[in-house]
Amino acid sequence: MGTAEERTLQKLRQEVDRVNKGGRPATGPEAARGAQNAQLAGLAAGLDEAVPRQLGVPESNETVHVDTVAVKLTALESSHSVKGSGKMGVTSEELFLRVQLITQNVGPKPATLDLESAKVVDAQGASYALARDAQALAGTRPLRRTWALEERADVILFFELPPPVLREGALHLVLQGTGGEVRIPLR
């Protein structure tokens, strides 16, 4: 019959199939948890949007400067899962937004930049901090670092957002420099 985990995953998949075929989700706290678990199980099993989806970079994609570090958006993608090296991964009902930037120190001396305070802000002003678990799992570089003279580096940031936030309205990446906030349009 299989392990308890396999049986649970099978039950969760059956519940997802039942609801996807027009069945009414079960009600009550236990049923709500079951439906939520079914959705997460389906996502983890690759049944719904497991493959990263490329998002278009805004047409007006200007280079901005955070202190003396030039920053330009190069790619955006969303996914319910982030995979690390090996078999490790993290899955969420929300969407992970992967923001890829190219950076270069254009100043006359080394420049330190702290990206740990980076956030995504939506049109209503709600902000979303870095998804630390996804960030760590993906093995990204330290977020507080110093760029040598003319050093160029790719930077990848992960945020966890509700799916409607990615579909509706404006989104900005907000980075903090010594001179204040710098906003990069994402949508």
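The values are calculated or read from the model by the stated rules, or taken from the named source; none is laboratory data. No experiment lies behind these values; they were computed from the predicted model shown. In this analysis, Cβ positions are derived from the backbone assuming ideal geometry, glycine residues included, and neighbour counts consider all displayed protein chains. The area values use the complete protein model at the heavy-atom level, side chains included, leaving out ligands, DNA and RNA. Shrake-Rupley method; radii C 1.70, N 1.55, O 1.52, S 1.80 Å.
General observations
- Extreme residue, nearest to V71 (Cα to Cα), among residues of the stretch 138-164 that are within 12 Å of the chain's Cα centre (by Cα) and not in a strand (DSSP E or B): A138
- Checked against (1) open to solvent by less than 50 Å² (accessible area, probe 1.4 Å); (2) within 18 Å of P58 (Cα to Cα); (3) not in a helix (DSSP H, G or I), R183 passes all but a single condition, namely (1).
- Single condition R183 does not satisfy, out of (1) free of Cβ contacts under 8 Å to residues at least 60 places away in the same chain; (2) more than 15 Å from L76 (Cα to Cα); (3) among the basic types (K, R): (1)
- Search result, residues across the stretch 87-121 that are open to solvent by 20 Å² or more (accessible area, probe 1.4 Å) and touching an Asp or Glu at 6+ places or on another chain (Cβ under 9 Å): V90, E94, R98, Q100, I102, Q104, V106, P110, T112
- Within the stretch 2-30, the set of residues being at positive phi and either at pLDDT 70 or above or among the aliphatic types (A, V, I, L, M) (or both) comprises G22 only.
- Test: residue in the stretch 84-105 that is modelled with pLDDT of 95 or more, part of a loop (DSSP other than H, G, I, E, B) and under 22 Å from E150 (Cα atoms): no
- Restricted to the stretch 165-179, and to residues there that are among the hydrophobic types (A, V, I, L, M, F, W, C) and either part of a loop (DSSP other than H, G, I, E, B) or modelled with pLDDT of 90 or more (or both), the residue that is most open to solvent (accessible area, probe 1.4 Å) is A170.
- Pick from the stretch 140-158, criterion touching a helix residue (DSSP H, G or I) at 6+ places or on another chain (Cβ under 7 Å) and of a type outside the set (F, W, Y), ranking: modelled with the lowest pLDDT: L143
- Per this entry, G84 is not counted among residues that are open to solvent by less than 40 Å² (accessible area, probe 1.4 Å), more than 30 Å from V16 (Cβ to Cβ) and either touching a Lys or Arg at 6+ places or on another chain (Cβ under 6 Å) or of a type outside the set (A, V, I, L, M, F, W, C) (or both).
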